[in-house]
1. In segment 58-70, is there at least one residue being among the aliphatic types (A, V, I, L, M) and modelled with pLDDT of 90 or more?
2. Report, ordered by the first and then the second residue, all pairs with beta carbons closer than 9 Å, sequence separation of six or more or different chains, a first member in segment 74-90 that is more than 13 Å from Ile20 (Cβ to Cβ) and touching a residue at least 12 places away in the same chain (Cβ under 8 Å), and a second member that is among the small types (Gly, Ala, Ser) and assigned to a strand (DSSP E or B).
3. Residues in segment 52-62: is at least one loosely packed, with under 14 Cβ neighbours inside 10 Å and in contact with a Lys or Arg (Cβ under 7 Å, 6 or more places away or on another chain)?
4. Could you grab me the full set of residues in segment 72-90 that are within 10 Å of the chain's Cα centre (by Cα) and part of a helix (DSSP H, G or I)?
5. Could you figure out which of (1) at pLDDT 90 or above; (2) in contact with a strand residue (DSSP E or B) (Cβ under 8 Å, 6 or more places away or on another chain) isn't true of Ser55?
6. Report, ordered by the first and then the second residue, all pairs with beta carbons closer than 9 Å, sequence separation of six or more or different chains, a first member in segment 38-59 that is under 18 Å from Thr75 (Cβ atoms), and a second member that is surrounded by fewer than 14 Cβ atoms within 10 Å (Cβ to Cβ) and among the aromatic types (Phe, Trp, Tyr).
7. Scan segment 26-67 residue by residue and report those that are part of a helix (DSSP H, G or I) and either among the aliphatic types (A, V, I, L, M) or closer than 20 Å to Arg84 by Cα (or both).
Amino acid sequence: MSQPDPCTSSGPGPDLRARIEEVLDQSVRPELRADGGDVELVGIDDDCIVQIRLSGACQGCSSAAIALTFQIEATVKDRIPEVRFLEPVP
């Protein structure tokens, strides 16, 4: 029996948001915070596109933001394959 798609016309469920937050807490935020930065989960759209916002030392440096977004995206997608991609937002 297949599991329901977490990103449907009714939108992503709270379980998906909690799973993403768990990955961020366990695998992403410790490294960012060690360097004075952080990441916020802003939202998830109906197509499983995750919006994130970098803050602290990560904010304002466009090249670092792009590299960090790709690194964070790889980590999240590795553990939650239904996520399509991450989109940095201001």
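The values are calculated or read from the model by the stated rules, or taken from the named source; none is laboratory data. None of the values given here were measured: they were computed from a predicted structure. All Cβ positions, glycine included, derive from the backbone under ideal geometry; neighbour counts span all protein chains shown.
1. If we filter segment 58-70 for residues that are among the aliphatic types (A, V, I, L, M), which is where we start, we get 64-68.
Retained after the next criterion (residues that are modelled with pLDDT of 90 or more): none.
No - not one qualifying residue is present in segment 58-70.
2. So the pair list comes out as Val89/Gly43.
3. no
4. The answer is Ile72, Glu73, Ala74, Thr75, Val76, Lys77.
5. Of the numbered conditions (1) at pLDDT 90 or above; (2) in contact with a strand residue (DSSP E or B) (Cβ under 8 Å, 6 or more places away or on another chain), the odd one out for Ser55 is (1).
6. Listed by first residue and then by second, the contacts come to Cys48/Phe85; Ile49/Phe85; Val50/Phe85.
7. Applying the first criterion (part of a helix (DSSP H, G or I)) to segment 26-67 yields 26-34, 62-67.
The answer is Ser27, Val28, Leu32, Ala34, Ala64, Ala65, Ile66, Ala67.
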